[in-house]
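Engineer: Got a structure for you, questions after.
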Amino acid sequence: MRRLNISNTRESEQVIWREILRSRESRYDHRLHGVLSVCRGLSCYETAAVWGRSPRSVEHWVRRYESHGLPGLREKGKPGRPAVLGAAELARLQKQLWA
C-alpha cells in the first residue's frame, strides 16, 4: 500500500488536538484508545509515542482502568491544576495560543 501524506501537518495536528481536548467525552475516548493500544501489546512508551502523551500519563490511564474499570478513565471535575488566572485572562491567553 502506498504511504499517504497529509498536507499542512503542523496545522492538522493543532486542529486534531483541539478536537481531542474540546470535551470530556473526547478526552475519555482518547484515553480509551491509549488503554486499548496497551491491551493490544504496545508498551506504555510506544503508546505514548503514538498518541502524543507522556508514558507516565499512559501508565496512569492503565492503572486507573485496572483498578476502576471504564469509570476510572472518566474525568472527575475539571482536568489539571486549578487556574490561577482570571476567566478573562484565561480566555485571552487561550485565544492567543490557538490562533
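Engineer: Within the stretch 22-32, restricting attention to residues that are in a helix (DSSP H, G or I) and open to solvent by 70 Å² or more (accessible area, probe 1.4 Å), which residue is modelled with the lowest pLDDT? Let's see the steps before the verdict.
Structural biologist: Residues of the stretch 22-32 in a helix (DSSP H, G or I): 24-32.
From what is left, the residues that are open to solvent by 70 Å² or more (accessible area, probe 1.4 Å) are 24-25.
On the way: Arg24: 85, Glu25: 88.
Restricting to residues being in a helix (DSSP H, G or I) and open to solvent by 70 Å² or more (accessible area, probe 1.4 Å), the top hit is Arg24.
Engineer: Determine if the stretch 80-88 includes at least one residue that is under 25 Å from Gln14 (Cα atoms), open to solvent by 90 Å² or more (accessible area, probe 1.4 Å) and among the hydrophobic types (A, V, I, L, M, F, W, C).
Structural biologist: yes
Engineer: Here is a further query. Which of the residues that make up the stretch 7-21 are of a type in the set (S, T, N, Q) and either surrounded by 11 or more Cβ atoms within 10 Å (Cβ to Cβ) or in contact with a Lys or Arg (Cβ under 7 Å, 6 or more places away or on another chain) (or both)?
Structural biologist: Residues satisfying the conditions are Ser12, Gln14.
Engineer: Among the residues of the stretch 33-44, which ones are surrounded by 15 or more Cβ atoms within 10 Å (Cβ to Cβ) and within 11 Å of the chain's Cα centre (by Cα)?
Structural biologist: Once the filter is applied, which keeps residues that are surrounded by 15 or more Cβ atoms within 10 Å (Cβ to Cβ) and within 11 Å of the chain's Cα centre (by Cα), the stretch 33-44 yields only Gly34.
Engineer: Among the residues in the stretch 4-15, are any assigned to a loop (DSSP other than H, G, I, E, B) and either in contact with a Cys (Cβ under 8 Å, 6 or more places away or on another chain) or modelled with pLDDT of 90 or more (or both)?
Structural biologist: Taking every residue of the stretch 4-15 in turn, none turns out to be assigned to a loop (DSSP other than H, G, I, E, B) and either in contact with a Cys (Cβ under 8 Å, 6 or more places away or on another chain) or modelled with pLDDT of 90 or more (or both).
Engineer: Confirm whether Arg63 is surrounded by 11 or more Cβ atoms within 10 Å (Cβ to Cβ), at pLDDT 90 or above and assigned to a loop (DSSP other than H, G, I, E, B).
Structural biologist: no
The values are calculated or read from the model by the stated rules, or taken from the named source; none is laboratory data. Everything numeric here is computed off the predicted structure, so don't read it as measured data. For neighbour counting, all protein chains shown are included, and Cβ atoms are generated from backbone atoms with ideal geometry for every residue, glycine included. Accessible surface is based on the protein model in full, side chains and every heavy atom, while ligands, DNA and RNA are left aside. Shrake-Rupley method; radii C 1.70, N 1.55, O 1.52, S 1.80 Å.
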